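Here's the structure we're looking at; comments come further down.
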Amino acid sequence: MKLKYPSLTQIPFKFDNFKKRDFDSFFQGENKDLLYFLNTMIKTKSNNSIYIWGPQGTGKTHLLQAACKKANEMDWHVTYIPLEQYRDFSIDILDGLGKLDLVCIDDLEFIIDNIEWQQRVTLLFNEIRDNKNSIIISSKISPNNIKIDLDDLKSRLVWGHVFKIKAADDELKIKILKKEANERSFNLNDDVVEFLIRRSNRDLTSLIEILDEIDRSSLAAKRKITVPFVKELIS
Amino acid sequence: METTPWKHCLEQLEGELSTQQFDTWIRPLHVIEKNGSVRLLAPNRFVQDWISERYLSRIQELLSNSHPNKEKVLVSLDVGSREPKTENKVRAQEFKSTISNKTSTDRPVKNSSNNLNSSFTFKAFVEGNSNQLARAASIQVSENPGGAYNPLFICGGVGLGKTHLMHAIGWQAMEKDPSSKIAYLHSERFVADMVSALQHNKINQFKRYYRSLNVLLIDDIQFFAKKERSQEEFFHTFNALLEGQHQIVLTCDRYPKEVSGLEDRLKSRFGWGLTVAIEPPELETRVAIVRKKALQSNTSLADDVSFFIAERFRSNIRELEGALNRVIANANLTGEPITLDFTKRALRDLLKIQDKQVTIENIQKVTAEYYKIRVADLLSKKRNRSITRPRQIAMSITKDLTNHSLPEIGDAFGGRDHTTVIHAHRKIKELRETESRVDEDYINLSNTLTN
């Protein structure tokens, strides 16, 4: 996406990073079984390993963070490890995590070229299983197709439960976008939201990024959010 | 719920930090509040350092602010987990795997002194042609540790039961002689314990502990590769145990000779005893495994169901277990009986787990082949029905299966306008309801593309 209006000099408040995500705010669409499963696992404090995969913008991070929140409410000790950010850190960050009740690992595909991390995650898997704790892993790629060189890890990925997370259809995307806009204190008219769905890359993460940009630019340019304005912005 | 200073502090922090920061660094903390002081336990050094550099002073500030008299609250930050005292004691006394020294009392797991998992016994092991030899050798060893086969080296691919046999040996040997000292650990843990022993000047204690064992079970020794110092130490431990006629059992994902990064003298030593291989299980064994695992979850399966699962998931037992878990979970969710049809539905995702990207090019190619026309026709200006219908279906499928925008789809189909794509999508939707032929074509094509 090319941005028409350069970013403001002031560091923008990235709304999405601070949003508290929970299960209730997840539009389940066709993911009823997955949601039910996650909820039940945490509510009943049972242990399991879960692998969730699906394309960008289907809500994987939302679910992982919601699981952390819920688990914490149940007095579980949890942590969230987004590998995109942390794979450059020392693998020591994973030490002792097998003793936590739940570990959520986001973006597993970011360690496909990193055997050291793969070994450490394998070990973490063993620790978690031995301690009867739980792990939730997310990835854009299915456990069979992910290019994990270490078979020890690869076979462990399918051990527990594997869920494909299904993308929202257009109708649901419209609903979600309107809600996201409301949370940012502006309204999206039907024509604008339909235009967005039709005209841009349609995965939700991208759509929400555009929403943030619309928010910023319309304030900066002091313009109303109309189809021509949005068109100008994302063309 | 009662609000404590820490809870108040948490609420503040949650608002100040991003969700990610909060989830990664704050949520894993174990907190002990006592007599106005707060003790924070981080799961490891890394988290401890991170918190102490970035968040500790703020935490201190928030805690003091929430104190009724704004008094300074004493905050300490250490590495540890629940009931850390018990664990420190264990670690100080003996060098053994801390992997399973879960000290939480509400979920007792296993005999804490040897790390053996109680569900891995010979009784629970399903025998088949593929693992017969390995099982027989393991039973022999457990009956007569330090005797005939020393070391016993079990090799085979992942998820075939190596670890299970190892634990079973441990249990059986213990049953025979409850006083014997048995330890199971992963080779990485041996390395980690050794490193920590070196750091804390306790290497002699480390040696003494390992050399005093009657049965030492070390899993996945391929993880020793390239760790020279650990190999050296292990070599000596190995010799000492062997000389004292103590039993060693090792597992590896390949034959000792094939492990690269392993010293030759170790490779040759590993071959001194007996090396047995486990092969992937054949169908009958897989069926038996599925049945046994189902029974463990108090579920009985019809023959056609267990055969179906065993036939479809063949590469390793973890995969088999995963599939079975899914079926049982779905049955619990829906309350439906587990029939063959139900099983197929429950495993639909796993069976077509390929997520090869559906591309526009692929959609065009597959659609053209299906209707026996050329891709060039799809992209051409031709408007006879034998071409337009496939083109509309292809555009419609592209809209449904990819994330491309409508103008992009129009472009990819010979530079058509995005309104043409909308029209095609609508048209196909209508036709699918009225003409079963169109619906069938659409479903066949989508299945071909996603399977």
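The values are calculated or read from the model by the stated rules, or taken from the named source; none is laboratory data. These numbers come from a predicted model, not from an experiment. Here the Cβ is made from the backbone with ideal geometry for all residues, glycine too, and neighbour counts use every protein chain on show. Ligands, DNA and RNA are stripped out before the accessible areas are found, and what is left, the full protein with its side chains, is counted by its heavy atoms. Shrake-Rupley method; radii C 1.70, N 1.55, O 1.52, S 1.80 Å.
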Can you name the number of the only condition in (1) more than 22 Å from the chain's Cα centre (by Cα); (2) in contact (Cβ under 8 Å) with a residue 24 or more places away in the chain that residue B:294 fails? (1)
Given the conditions (1) over 24 Å from residue B:130 (Cβ atoms); (2) away from chain A (no Cβ under 14 Å); (3) surrounded by 17 or more Cβ atoms within 10 Å (Cβ to Cβ), report the number of the one that residue B:328 does not fulfil. (2)
Tell me which residues, restricted to region B:171-182, are of a type in the set (S, T, N, Q) and either part of a helix (DSSP H, G or I) or at pLDDT 95 or above (or both). B:172
Check whether at least one residue in region B:139-156 is free of Cβ contacts under 8 Å to residues at least 12 places away in the same chain, hydroxyl-bearing (Ser, Thr, Tyr) and open to solvent by 10 Å² or more (accessible area, probe 1.4 Å), and report yes or no. no
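In this structure, does residue B:226 turn out to be in a helix (DSSP H, G or I) and of a type in the set (D, E, K, R)?
Answer is no for this residue.
Each row is one residue, and each column tells you yes or no for (1) among the acidic types (Asp, Glu); (2) in contact (Cβ under 8 Å) with a residue 40 or more places away in the chain.
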residue: B:165; (1), (2): no, yes
residue: B:171; (1), (2): no, yes
residue: B:177; (1), (2): yes, no
residue: B:185; (1), (2): no, yes
residue: B:190; (1), (2): no, yes
residue: B:196; (1), (2): no, no
residue: B:200; (1), (2): no, no
residue: B:203; (1), (2): no, no
residue: B:208; (1), (2): no, no
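Rundown of residues vs (1) surrounded by 21 or more Cβ atoms within 10 Å (Cβ to Cβ); (2) in the same structural domain as residue A:31 (by TED's automatic domain parsing), yes/no style:
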| position | (1), (2) |
| --- | --- |
| A:154 | yes, yes |
| A:186 | no, no |
| A:191 | no, no |
| A:194 | no, no |
| A:208 | no, no |
| A:217 | yes, no |
| A:225 | no, no |
How many residues are in contact (Cβ under 8 Å) with a residue 24 or more places away in the chain, more than 13 Å from chain A (Cβ to nearest Cβ) and either among the basic types (Lys, Arg) or assigned to a helix (DSSP H, G or I) (or both) when one looks only at region B:7-53? 5
One residue from B:339, B:398, B:402, B:388 being open to solvent by less than 40 Å² (accessible area, probe 1.4 Å), modelled with pLDDT of 90 or more and either under 34 Å from the mean Cα position of the chain (by Cα) or under 27 Å from residue A:56 (Cα atoms) (or both): B:398
Every residue in region B:149-170 that is farther than 17 Å from residue B:248 by Cβ and either touching a strand residue (DSSP E or B) at 6+ places or on another chain (Cβ under 9 Å) or assigned to a loop (DSSP other than H, G, I, E, B) (or both), please. B:156, B:157, B:158, B:159, B:160, B:161
